[in-house]
Amino acid sequence: MDNILERLQPIFQDVLDQPGLQVSAEDSGQTVAGWDSLAHISLVAAIEHEFKVRFALGELEELKNLGDMIALIQTKRTG
Amino acid sequence: MSLDSLPFLFAFLPISAIAVHVLRSRYGLAPAQFALLGLSLVYYAAEDRRGLPVLLVSILWNWGMGMRIDAGRSESARRRALWIGIVGNVLLMSLFKYADITAWFLRSLERTTGLAFGNAGLMPLGLTFFSLTMIMYLLDIYERLQKPFALPRVAILTSFFATITAGPLLRSRKFASALDEIGVEASLDSRLLSAMILLSIGLVKKVVIAGSLALLVDPGFAHARSLSVTEAWASAFGWALQLYFDFSGYSDLACGVALLLGLSIVNNFNAPFRASTLSSFWQGWHISLTTFITTYLYTPLLRSLGKPTLRSSAISTFLAMLLAGLLHGATWTYVAFYALHGFGLATYHYWKSLKRPLPDVAGVAITFVFTAMTMVVFRAPTLGVAGDMFGSMFDLSHGFGLSTFTGLVAGADWRAIAVPCLLAPWMAFVGPTSAELAQRQMPPVRVFAFSGAAILLCAAYMISGTETSFIYRAF
């Protein structure tokens, strides 16, 4: 999980254009400035590219926070 | 017998809740679920007997197509079955929403074949809500997030009486797990208290506040051209609040009814008028529809345009909202409303990219004023009437008096109107939300006293005839 979180840091910094940003598993659109619907889809696209996974449309709405994203990435990679 | 009617609240709902809980505790889950299905069909027949065949067609169609998608041996077969299933649902909606085109088609068919086809008739109750719920069900099966349901479960998902009139749209996966917990005794006490709070707040919002605001708003829109600037803005703001309290009140009722049966369903509103951006407004307004638009219209459009950029997002946002407008019905005012919001959202994304955030107060004010102005378009029967209202709002030669207003609502009791009109902005902008109140741990005595008083107050309004029909019922 920590490894996934580490790999997510540069993605969030790049997509949200905030070089010093450090996100944690509890973070969500409510707590991170700029994480709105456009940023969410951009993040998803970047994560899919980085981890070589593909999220189903129906899964996207359940990614409410970073912890959910990490858990789903883990499931996809092990499944 | 809508959710806010006396026969529903004092007869149908208590009987349903007792039947479901007794069946669950004495005979198990399946009889309780079958009772829920039977009650839902009885409710639908009582509300819209003519629409019942359409509901049954939808149930059978989506049950069949769900199995067909799942049975597809190749990806292309699954995809083909999905599209056939979706097109079937869209056609069913279009048949009634685009009644003029349907009538033209039927007359052409009659001329060609010599047979008589009659007319499609009025919009069946909840057509949009159960069709969109079913489209999501089919998509979940296609994406392998959900196995097909047995026919009775598809029927409950489609016809559940708490949500059939106005949503929220149900996710089949979540609804299925909630359905397996109906009437579970362990959590009954806390659910009962939350349900009572949601039911009483929903009723007050819908019957007292929205109903009272309608006494001002209806005559205002009926005389849009002759209003003063003050009256026109009051009508516009009053309508925005009326729509919010009407719709969110009904959603609270739906959540409360479901909870009383032991089912948890998603909240469809989260203080949208406190949003400081248009994007966050939509995250709090008709949340289940926003989720549908974002997930199944906006995201595929954005993905199809390659790497997400500001430009591709603006195009996707505008197109997704335009499609949502067409989904609402064959009226230019709906299309214009959603197109304006598409444009507004695209503008917000551009503004955000400039990294010059506004103070929250300014953001809330701009978002509310923009939303209220677009809702004028949504409310007006034609774009011409909307133009008349905007004329009165911005033409300073109309003056700032209240003479038209006081004359128009002369027959109404101002005392009955004034309190809810003052209460509405407080509840919309400042006070605790119904979901927050429902989650608070309050002593049962206080909950029952509050609920009892609220329900009696609403009953008095209903008996006195202040109640108005539910606005979103038309969709």
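The values are calculated or read from the model by the stated rules, or taken from the named source; none is laboratory data. Computed from a prediction, not measured in an experiment: that's the story for all the values here. Neighbour counts run over all protein chains shown; Cβ positions are idealised from the backbone, glycine included.
As an exercise: evaluate B:Lys174 against (1) buried (at least 20 other Cβ atoms within 10 Å of the Cβ); (2) over 13 Å from B:Asn62 (Cβ atoms) and give the number of the one condition it does not meet.
(1)
For the condition out of contact with any Asp or Glu (no Cβ under 7 Å at 6 or more places or on another chain) and outside the structural domain of B:Leu56 (by TED's automatic domain parsing), what is the one hit in B:Ser159, B:Ser194?
Working: B:Ser159 fails: outside the structural domain of B:Leu56 (by TED's automatic domain parsing).
Residue meeting the stated conditions: B:Ser194.
Answer yes if at least one residue in the range B:264-284 is closer than 23 Å to B:Leu457 by Cα and more than 18 Å from the chain's Cα centre (by Cα), and no otherwise.
Let us first name the residues in the range B:264-284 that are closer than 23 Å to B:Leu457 by Cα, namely none.
No, the conditions are met nowhere in the range B:264-284.
Testing B:Pro357 on (1) within 11 Å of chain A (Cβ to nearest Cβ); (2) part of a helix (DSSP H, G or I), one condition comes back false. Which one is that?
(2)
Which members of the range B:1-26 meet the condition of being closer than 16 Å to B:Met196 by Cβ and assigned to a helix (DSSP H, G or I)? Full working, then the answer.
Within the range B:1-26, the first condition is being closer than 16 Å to B:Met196 by Cβ, and the residues that meet it are B:3-4, B:8-10, B:13-14, B:16-18, B:21.
Those that are closer than 16 Å to B:Met196 by Cβ and assigned to a helix (DSSP H, G or I): B:Phe8, B:Leu9, B:Phe10, B:Leu13, B:Pro14, B:Ser16, B:Ala17, B:Ile18, B:His21.
Quick check: is even one residue across the range B:115-134 farther than 16 Å from B:Thr291 by Cβ, within 14 Å of chain A (Cβ to nearest Cβ) and either modelled with pLDDT under 95 or out of contact with any Phe, Trp or Tyr (no Cβ under 9 Å at 6 or more places or on another chain) (or both)?
no
Output the number of residues of the range B:281-320 satisfying the condition of being surrounded by fewer than 21 Cβ atoms within 10 Å (Cβ to Cβ), closer than 18 Å to A:Arg54 by Cα and β-branched (Val, Ile, Thr).
Total meeting the criteria: 1.
Give me a count of the residues in the range B:429-475 that are modelled with pLDDT of 85 or more and over 23 Å from B:Leu193 (Cα atoms).
Qualifying residue count, the range B:429-475: 2.
Please determine whether any residue of the range B:344-359 is touching a helix residue (DSSP H, G or I) at 6+ places or on another chain (Cβ under 8 Å), within 18 Å of B:Phe237 (Cα to Cα), buried (at least 21 other Cβ atoms within 10 Å of the Cβ) and not assigned by TED's automatic domain parsing to the domain that holds B:Lys97.
Within the range B:344-359, not a single residue is touching a helix residue (DSSP H, G or I) at 6+ places or on another chain (Cβ under 8 Å), within 18 Å of B:Phe237 (Cα to Cα), buried (at least 21 other Cβ atoms within 10 Å of the Cβ) and not assigned by TED's automatic domain parsing to the domain that holds B:Lys97.
Residues that are modelled with pLDDT under 85 and within 11 Å of chain B (Cβ to nearest Cβ), at least 3 per element: which helices (runs of 4 or more DSSP H) completely within chain A meet that? Spell out the reasoning first.
Numbers: elements: A:2-15, A:37-51, A:57-60, A:66-78.
The qualifying helices (runs of 4 or more DSSP H) are A:37-51.
For the range B:150-230, list the helices (runs of 4 or more DSSP H) that sit wholly inside it and hold at least 1 residues that are modelled with pLDDT of 90 or more and within 17 Å of the chain's Cα centre (by Cα); which are they? Walk me through it before giving the result.
On the way: elements: B:151-159, B:172-179, B:188-203, B:211-222.
Once the helices (runs of 4 or more DSSP H) in the range B:150-230 are filtered for at least 1 residues that are modelled with pLDDT of 90 or more and within 17 Å of the chain's Cα centre (by Cα), what remains is B:151-159, B:188-203.
Test B:Pro219 against the criterion of being away from chain A (no Cβ under 14 Å), out of contact with any Ser or Thr (no Cβ under 8 Å at 6 or more places or on another chain) and surrounded by fewer than 21 Cβ atoms within 10 Å (Cβ to Cβ), and give yes or no. Break it down into steps so the answer makes sense when it comes.
Values: away from chain A (no Cβ under 14 Å): yes; out of contact with any Ser or Thr (no Cβ under 8 Å at 6 or more places or on another chain): yes; surrounded by fewer than 21 Cβ atoms within 10 Å (Cβ to Cβ): yes.
Yes, satisfied.
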